[in-house]
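A.B. asks: Take a look at the following structure, please.
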Amino acid sequence: MNRQRLLLLAGGLIIVAGLLAVVTSCGGDNDAGITGSRDAGDLVIAVNWGNSRFIPPDAVRIDVAVSGEGLREPVTATIQRPESQTVIRNLPVGFKQVFGEAKNSQGQTVARGSGNTRIDEGQRASVDIVMAEVTPGGGTVLVHTTRGGVPTNADFVAFQDGNGAWQVAQGTGGQYALNITDNDGRYGVAIVCVNGTEVSVSILHATRAELGEIHHECSQPLSQSLVTVSGAIGGLGMGGGATVFLGTGMGFGYPLINTYSLQTVPGTYDLIALRYANLETSTVDKVLIRRNVSATTDTTQDIDFNSAEAFAPEMHTVTVLGATGRAVGSVVFRSNGKTVAGLGWRTDTDTYPGIPTSKLVGNDFHLLSVTDYGSQGVLRTVLRHFKVPADITVSLPDAFVSPEVTTVATAPYARFAASWSAYPDAQAYSLSYHTPTAPMGRSSKRSRQQSGSISWFVALSANWLGANSSYTLPDFSALSGWNNTWGLPAGQVIEWSVLAVSSNRNIPDIVAGLLQQQPVDGLEIRQSGKVGNITP
């Protein structure tokens, strides 16, 4: 029987955080080891054992681990049936991630999940944990690959069952069913997408309980029949300008010229135009969004920022905590019509322009990105997905300085090993290796495909890693259909990064957020690690 249905513990396992002076006598207390109560709070954990819909009936205890800001190591607690609650005292303020595991009398995990909350001094907070029942043994992992939104087989797909040998996966119409027999549901999948001279190798390792279905979009081929969208621009002032976005194209307009032109892959997209009152400060004072513009052939789209179609953006502040210097940030808007527009971020005033709620439709969303670069290749980033613009405060994660990368092979292609010390709160780790011309942004796509690039990206869930803290790139050379030219070249400089990933959501939401596939409103992804170069 497949027990993979989701269990939403709303009324089942409820985590309530706050400053509580009195706790009922049932359950025990745990001290997090924080001295004093200043800037600290208590985490109260309550369980409704009687709600069998949310807690498997064979569960006899709930093990909880709390990690997050201010904690060097996770703080744990256990609630034994029939106890109904416990309290962890003196947790430091800040974001906290709460992992829950329901276990049976043999100590086997029968359900697990995680949730997030924030401890605020003098205030209460709550979090719901979404848990999935854990089924011992194997099952099927579904992989869906698309190109340009159309289900299409990737150029190569392989998978690993547990710690077994890699094997070629067979798919039809972009659909692959991977038979996983590992008792813990551990698996790996590698997907290769070739677009001209641009090669992308993506490797994911997780467990079935975390991620039983994968959606992967291969880069759309650079069309040799791009369409041109152009037009007049009205309402530009001296010293200002405009940027027009549509599909994969971007054009510019300036005073006295008052026209723009861009090229895009044929399709139907939203047109987004931004007017800058001052180009030097990139101050956006007017926005125009035209939905569902057909650009299947060359077309004209005139823009007038003085018309009723244009509107003023909402201006909001950004506060960054924990930066070593001035953090680099940006805000982009991805419309329901698959157009991405850079809204900017005024670093002189730490403000950004957002799209007002009344102008939002469907799957429109904003994405805030903040990066702090430290010495010796250390970087820390925060990605915040949100629909409605508002004032934002983000806290950069602690530095992750332990990663190292070494060469383990140079033939038939270069392979590397990354190693690190476990990072507190990491839900996953991401590794990347690429030639210097590998994908770094949408605007350079044509030049990348003409000059060639190879990139390898690896995502490892913490549950798949277990106690391990290293990863060596696989050797696919013996597999049918593999091409050694897809491997990283020896004798050339390879840029690498090793990042620890944490979030206020679970693994599927993290994956969707990083790939910008219908991200959850409020999703925050924190990454910390190192970047460097190596010549194999």
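A.B. asks: Which whole number of Å³ per residue matches the convex hull of the alpha-carbon atoms in the range 221-355?
C.D. replies: 123 Å³
A.B. asks: Please report the spacing between the Cα centers of the range 58-95 and the range 189-267 in Å, no decimals.
C.D. replies: 45 Å
A.B. asks: Given points 7 Å out from each Cα along the Cα-Cβ axis, report the GLN170 to GLN106 separation in nanometres with one decimal.
C.D. replies: Inter-label distance under the simple model: 3.5 nm.
A.B. asks: THR349 to ASP304: FRET efficiency via 1/(1 + (r/R0)^6), r the Cβ-Cβ distance, R0 35 Å, to the nearest 0.05?
C.D. replies: Working: r = 28 Å, r/R0 = 0.80.
It comes out at approximately 0.80.
A.B. asks: Roughly speaking, to the nearest percent, how much of the range 295-406's 1.4 Å accessible area is carbon and sulfur?
C.D. replies: For the range 295-406, the apolar C and S fraction of the accessible surface comes to 50 percent.
A.B. asks: Work the Kirkwood hydrodynamic radius out for the range 207-255: mean of 1/r over every pair of different alpha-carbon atoms, inverted, in Å.
C.D. replies: 15.1 Å is the Kirkwood radius here.
A.B. asks: So what are the three principal axis dimensions of the range 143-183 from its Cα atoms, in whole Å, longest to shortest?
C.D. replies: Answer, in whole Å and largest first: 35, 17, 13 Å.
A.B. asks: Return one whole number: the accessible area per residue of the range 295-357 in Å², for a 1.4 Å probe.
C.D. replies: Roughly 47 Å² per residue, with all protein chains present.
A.B. asks: Could you give the length gained on full extension between GLU217 and ASN258, defined as 0.36 nm per residue of separation minus the Cα-Cα distance, in nm?
C.D. replies: So the extension gain works out to 11.1 nm.
A.B. asks: Okay, moving on. Among HIS216, ALA232, GLY185, which residue has its Cα furthest toward the positive end of the charge dipole of the range 150-274, with +1 on Lys/Arg Cβ and -1 on Asp/Glu Cβ?
C.D. replies: Positive-end residue among those listed: ALA232.
A.B. asks: Just the accessible area per residue of the range 136-265, please: how many Å² with a 1.4 Å probe?
C.D. replies: 40 Å²
A.B. asks: Can you pull the one-decimal nm distance between simple spin-label points at VAL388 and ASP39, each 7 Å off the Cα toward Cβ?
C.D. replies: Distance between label points: 3.2 nm.
A.B. asks: Considering only protein heavy atoms and a probe of 1.4 Å, how much of the accessible area of the range 497-536 is carbon and sulfur, as a whole percent? If you can, show how the numbers build up before the last one.
C.D. replies: Numbers: 660 of 1440 Å².
On the range 497-536, the fraction of accessible area on carbon and sulfur atoms equals 45 percent.
A.B. asks: Follow-up. Would you mind calculating the gained length between SER480 and THR268 on full extension (0.36 nm times residue separation, minus the Cα-Cα distance), in nm to one decimal?
C.D. replies: Additional length available on full extension: 72.5 nm.
A.B. asks: Just the Cα atoms of the range 300-431: what Rg and Dmax do they give in Å?
C.D. replies: Computed over the Cα atoms of the range 300-431, radius of gyration and Dmax are 19.8, 62 Å.
The values are calculated or read from the model by the stated rules, or taken from the named source; none is laboratory data. On a predicted model such as this, the values are computed, not experimentally measured, just so you know. No Cβ is skipped: glycine too gets one built from the backbone with ideal geometry, and neighbour counts run over all protein chains shown. These accessible areas exclude ligands, DNA and RNA; they are computed on the full protein's heavy atoms, side chains included. Shrake-Rupley method; radii C 1.70, N 1.55, O 1.52, S 1.80 Å.
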